1. Which numbered condition in (1) in contact with a helix residue (DSSP H, G or I) (Cβ under 6 Å, 6 or more places away or on another chain); (2) in a loop (DSSP other than H, G, I, E, B); (3) loosely packed, with under 13 Cβ neighbours inside 10 Å; (4) not polar (S, T, N, Q) is the only one that R60 fails?
2. Output the residue which, of all residues in segment 1-49 that are surrounded by 11 or more Cβ atoms within 10 Å (Cβ to Cβ), in a helix (DSSP H, G or I) and of a type in the set (F, W, Y), is modelled with the lowest pLDDT.
3. What pairs can you find where one residue is in segment 67-88 and exposed (fewer than 13 other Cβ atoms within 10 Å of the Cβ), the other is at pLDDT 95 or above and not polar (S, T, N, Q), and their Cβ atoms are less than 6 Å apart, with a gap of 6+ or different chains?
4. Please go through segment 89-99 and pick out each residue that is open to solvent by 50 Å² or more (accessible area, probe 1.4 Å) and either modelled with pLDDT of 90 or more or not aliphatic (A, V, I, L, M) (or both).
Amino acid sequence: TKFKNVDPRKQVELWTEKEYRNLIRANKAGVPVPSPLMQKENVLFMRFLGEEGWPSPQLREVDMRKGSKKWTTLYEQVMVAVRRLYHCARLVHGDLSEVSFA
């Protein structure tokens, strides 16, 4: 592909542009993602997720047990988001680890 013939700095810039466009698509499709604000070179600006200057917790920081009501609710929300991402934004997320969800 043409991507492998590009220097590493340009690769990061191309990846940043693609990530920005994908976040716009996901946002328009109603997927709960940080709102992309702008992209410049290799920097992607997104809306802050949190309250009063404190970031929202990562999934691994939330106390819950598999099968609990909180776990079931979160699982259902994630499945709805994944479905919407695919069916509405026509995207597939390649990493559904706990750091991908805030």
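The values are calculated or read from the model by the stated rules, or taken from the named source; none is laboratory data. Since the structure is predicted, the reported quantities are computational estimates derived from the model, not experimental observations. Please note: Cβ atoms are built from the backbone with ideal geometry, for glycine as well, and neighbour counts cover all protein chains shown. Surface accessibility is based on the protein's heavy atoms, side chains included, excluding ligands, DNA and RNA. Shrake-Rupley method; radii C 1.70, N 1.55, O 1.52, S 1.80 Å.
1. Result: R60 passes all but (2).
2. W15
3. From residues that are exposed (fewer than 13 other Cβ atoms within 10 Å of the Cβ), there are no pairs.
4. The initial filter retains those residues of segment 89-99 that are open to solvent by 50 Å² or more (accessible area, probe 1.4 Å), namely 90, 92-96, 98-99.
Passing the criteria: R90, V92, H93, G94, D95, E98.
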